[in-house]
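> I have a structure I would like to understand better, so I am pasting it below and will then ask my questions one at a time.
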Amino acid sequence: MFFKDAKRLEVTLTKSLSLRFVKTGLWLGILSTLVPIGIGITSAKGLNGSELYRSLVYAFLHLQYNGWFLFIALGLFYRFLVTNRIAYHQQYANRFYCFYALAVLSAIALSLLGMSFANDLWPLVYLAVCLQGIGIIYFILSHYRIVMSLTKKGSPG
């Protein structure tokens, strides 16, 4: 229903960053719901506690917290900024979205570093760290004006 309603709203919300964050979050939520199927199959085969079982659990949790939850929270954050007419650098914010959207799947490898196959994951780990690091830089740059305006208002500390 959300995707259908959002398609109708896209005429008025063209290139809405908040809508892109929420849509991505929902797609990651849908993807995360497929992982418990693998967990169930692994459990049914008697592999509870195996690396495969733990890997699936870690991937599920990563997609829940760093996937749909974070992306929807960021979508609500950007909607709050737009609703309250708080200026931010849109080009940097769009780049932040792109880097974080690319990083979320490769960052699953960060959750699996304790496994016996961790040596095979290092390229994905480095990719995830680089993408997230660049994304954070763009996030800071896109909200620099907000932070500076808060510090100029004479707030203590």
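> Restricting attention to segment 112-133, which residues are in a helix (DSSP H, G or I), open to solvent by less than 70 Å² (accessible area, probe 1.4 Å) and over 20 Å from Ile72 (Cβ atoms)? Before you say what the answer is, go through the steps one by one.
So the first thing to find is which residues in segment 112-133 are in a helix (DSSP H, G or I), and the list is 118-133.
Okay, now just the ones that are also open to solvent by less than 70 Å² (accessible area, probe 1.4 Å), so 118, 121, 125, 128, 131-133.
Result: Ala118, Leu121, Val125, Ala128, Gly133.
> Further question on the same structure: Return the pairs, sorted by first residue and then second, in which the second residue is in a helix (DSSP H, G or I) and open to solvent by 60 Å² or more (accessible area, probe 1.4 Å), the first residue lies in segment 46-74 and is within 25 Å of Tyr97 (Cβ to Cβ) and without any contact (Cβ under 8 Å) to a residue 40 or more places away in the chain, the beta carbons are less than 9 Å apart, and the residues are 6+ apart or on different chains.
Phe60/Thr33
> Residue check, Leu102 against (1) under 26 Å from Pro123 (Cα atoms); (2) in a loop (DSSP other than H, G, I, E, B), all met but one. Which one?
Status for Leu102: all satisfied but (2).
> Filter segment 70-87 down to residues that are surrounded by fewer than 18 Cβ atoms within 10 Å (Cβ to Cβ) and within 17 Å of Gly135 (Cα to Cα), then give me how many there are.
3
> Go through Ala87, Ala59, Ala44, Ala93 for me and flag whichever is touching a helix residue (DSSP H, G or I) at 6+ places or on another chain (Cβ under 7 Å) and either under 30 Å from Ser116 (Cα atoms) or of a type in the set (Asp, Glu) (or both).
Details: Ala87 fails: either under 30 Å from Ser116 (Cα atoms) or of a type in the set (Asp, Glu) (or both); Ala44 fails: touching a helix residue (DSSP H, G or I) at 6+ places or on another chain (Cβ under 7 Å); Ala93 fails: either under 30 Å from Ser116 (Cα atoms) or of a type in the set (Asp, Glu) (or both).
Step by step, each of Ala87, Ala59, Ala44, Ala93 is checked, and only Ala59 is touching a helix residue (DSSP H, G or I) at 6+ places or on another chain (Cβ under 7 Å) and either under 30 Å from Ser116 (Cα atoms) or of a type in the set (Asp, Glu) (or both).
> Okay, moving on. What pairs come out if I take residues in segment 15-30 that are of a type in the set (Gly, Ala, Ser) and pair them with residues that are in a loop (DSSP other than H, G, I, E, B) whose C-beta lies under 8 Å away, six or more apart or interchain?
If the second residue must be in a loop (DSSP other than H, G, I, E, B), the pairs left are Ser16/Glu10.
The values are calculated or read from the model by the stated rules, or taken from the named source; none is laboratory data. These numbers were taken from a predicted model, which means no experiment stands behind them. Note that we place each Cβ from the backbone using ideal geometry, even for glycine, and neighbour counts take in every protein chain shown. For the accessible areas, the whole protein counts, side chains as well, though only heavy atoms, and no ligand, DNA or RNA atoms are used. Shrake-Rupley method; radii C 1.70, N 1.55, O 1.52, S 1.80 Å.
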